[in-house]
Amino acid sequence: MITADQLKDVRERTESLRRYLNIEQKLVEVEEEELRTQAPGFWDDAKAAEVQMKKVKDLRKWIDGYNEVKNACDELELAFEYYKEELVTEEEVDRDYATAISLIEDLELKNMLRDEADSMDAVLKINSGAGGTESQDWAQMLMRMYQRWAEAHKYKVTIVNYQDGDEAGIKTVTMEIEGDQAYGFLKGESGVHRLVRVSPYNAQGKRMTSFASVFVTPLVDDSIEITIDKSKLSWDTFRSSGAGGQNVNKVETGVRLRYQYVDPDTGEEEEILIENTETRKQQENRENALRLLRSQLYDRAMKKRMAEQEKIEAGKKKIEWGSQIRSYVFDDRRVKDHRTQYQTSDVTGVMDGKIDDFIKAYLMEFAGKE
């Protein structure tokens with residue numbers, strides 16, 4: 001049975017959220033923004049209309065989230081009073097408390113995602129490290145893990161590029177993950193992920209260590225202006241292969257975009273390489289590749305503006321010992337994040353996509369600093 005102090009804590013955190021989220025101001029803003037959607041000719045400019053509708057939706061999201069927390073708090077207070085009159089059981093009060101705390105923690109966490117890009121969809125790319133079949137199998141396991149996580153959160157996943165491994169697994173995959181604050185939640189997943197296990201691909205049954213890298217960038221939409229220098233663009237085409245490719249070895253529908261990026265501060269040149277095999281139409285794949293390029297350019301500009309050069313440098317580390325952000329040790333039943341020190345013994349659950357506790361630990365420690 002909860003205590004009066006626990007009930008007081010729920011009340012105070014609920015009221016704090018109302019202040020932090022500035023609910024009164026948001027109620028005024030959403031009314032004004034909704035009035036704009038009722039103007040004659042609103043849908044004449046479809047692009048501008050979509051931007052406006054997204055603005056209304058984002059405001060509504062915070063208001064609805066707070067209202068859900070407030071209702072849970074009110075129900076808990078009522079249950080607490082009813083318990084004194086023996087109208088409800090201890091278990092019912094505790095259940096209402098657990099619901100209120102869960103909703104409060106979720107909204108507190110979302111409130112930490114205040115950066116411009118946090119509300120965007122995400123592009124997640126996985127590359128296998130050195131080690132052949134073992135690391136390629138590990139890359140595919142990570143791909144499945146993120147797909148399961150996205151599925152649990154009702155996010156949409158689109159595979160935009162996929163390259164099979166030599167014998168098993170994958171060499172690389174690029175996925176678009178669309179959903180509320182997808183980039184904000186996934187941005188801490190960028191880095192090297194290390195696997196330790198008895199390899200099924202080793203005849204001697206030896207314990208093997210494998211690495212794969214994960215890179216996460218925000219997926220920009222048409223409302224954000226990104227300048228692409230077309231003179232620095234070049235294209236190759238190739239025959240698609242891998243997941244879902246029904247034109248395999250028939251038509252060159254896959255596209256490879258090369259962009260000669262010049263750092264505006266240092267003048268250093270770097271080639272950005274993007275491959276897209278998402279559809280069976282070459283022109284659509286070209287458009288998708290350009291969208292991914294815009295996302296990468298936006299991500300670079302954003303990181304410069306936020307003075308996160310150290311993170312950019314960390315992303316360039318080799319996929320090897322000493323650079324990993326998280327270790328998955330199957331034999332010892334342990335998954336540990338080396339940045340937050342959070343760990344769990346539920347290896348099976350993690351590989352099935354239950355990584356919210358890792359995400360939360362990272363955001364609680366680093367989101368405020370960002």
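The values are calculated or read from the model by the stated rules, or taken from the named source; none is laboratory data. Every value quoted in this text rests on a predicted model; they were computed, and no experiment measured them. Ideal geometry is used to build each Cβ from the backbone, glycine not excepted, and the neighbour counts take in all protein chains shown. Heads up: the accessible areas ignore ligands, DNA and RNA and are worked out on the full protein's heavy atoms, side chains in. Shrake-Rupley method; radii C 1.70, N 1.55, O 1.52, S 1.80 Å.
Key figures
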{"quantity": "Residue within region 258-265 that is surrounded by 12 or more Cβ atoms within 10 Å (Cβ to Cβ), out of contact with any strand residue (DSSP E or B) (no Cβ under 9 Å at 6 or more places or on another chain) and in a loop (DSSP other than H, G, I, E, B) present", "calculated": "no"}
{"quantity": "Options V196, V160, V173, V192: the member that is hydrophobic (A, V, I, L, M, F, W, C) and surrounded by fewer than 19 Cβ atoms within 10 Å (Cβ to Cβ)", "calculated": "V196"}
{"quantity": "Conditions (1) farther than 28 Å from E176 by Cβ; (2) of a type outside the set (V, I, T); (3) at pLDDT below 95: number failed by L76", "calculated": "(3)"}
{"quantity": "Condition check for D64: closer than 22 Å to H153 by Cβ and modelled with pLDDT under 95", "calculated": "no"}
{"quantity": "Failed item in (1) farther than 26 Å from F366 by Cα; (2) assigned to a helix (DSSP H, G or I); (3) of a type in the set (S, T, N, Q), with Q147 passing the rest", "calculated": "(1)"}
{"quantity": "Evaluation of K316 against (1) modelled with pLDDT under 85; (2) farther than 21 Å from H193 by Cα (one fails), failing number", "calculated": "(2)"}
{"quantity": "Members of region 17-46 found to be over 30 Å from C73 (Cβ atoms), assigned to a helix (DSSP H, G or I) and open to solvent by 100 Å² or more (accessible area, probe 1.4 Å), listed by number", "calculated": "L35, R36, W43, D44"}
{"quantity": "Residues located in region 69-98, provided they are in contact (Cβ under 8 Å) with a residue 12 or more places away in the chain and open to solvent by less than 70 Å² (accessible area, probe 1.4 Å)", "calculated": "V69, A72, C73, L76, E77, A79, F80, E92, V93, D94, D96, Y97"}
{"quantity": "Identity of the residue in region 123-134, in contact with a Ser or Thr (Cβ under 7 Å, 6 or more places away or on another chain) and of a type outside the set (D, E, K, R), that ends up farthest from N276 (Cα to Cα)", "calculated": "G131"}
{"quantity": "Lone qualifier among A130, A117, A139 - being more than 21 Å from K360 (Cα to Cα), touching a residue at least 12 places away in the same chain (Cβ under 8 Å) and either open to solvent by 30 Å² or more (accessible area, probe 1.4 Å) or not in a helix (DSSP H, G or I) (or both)", "calculated": "A130"}
{"quantity": "Any chance Y155 is surrounded by 22 or more Cβ atoms within 10 Å (Cβ to Cβ) and not basic (K, R)", "calculated": "no"}
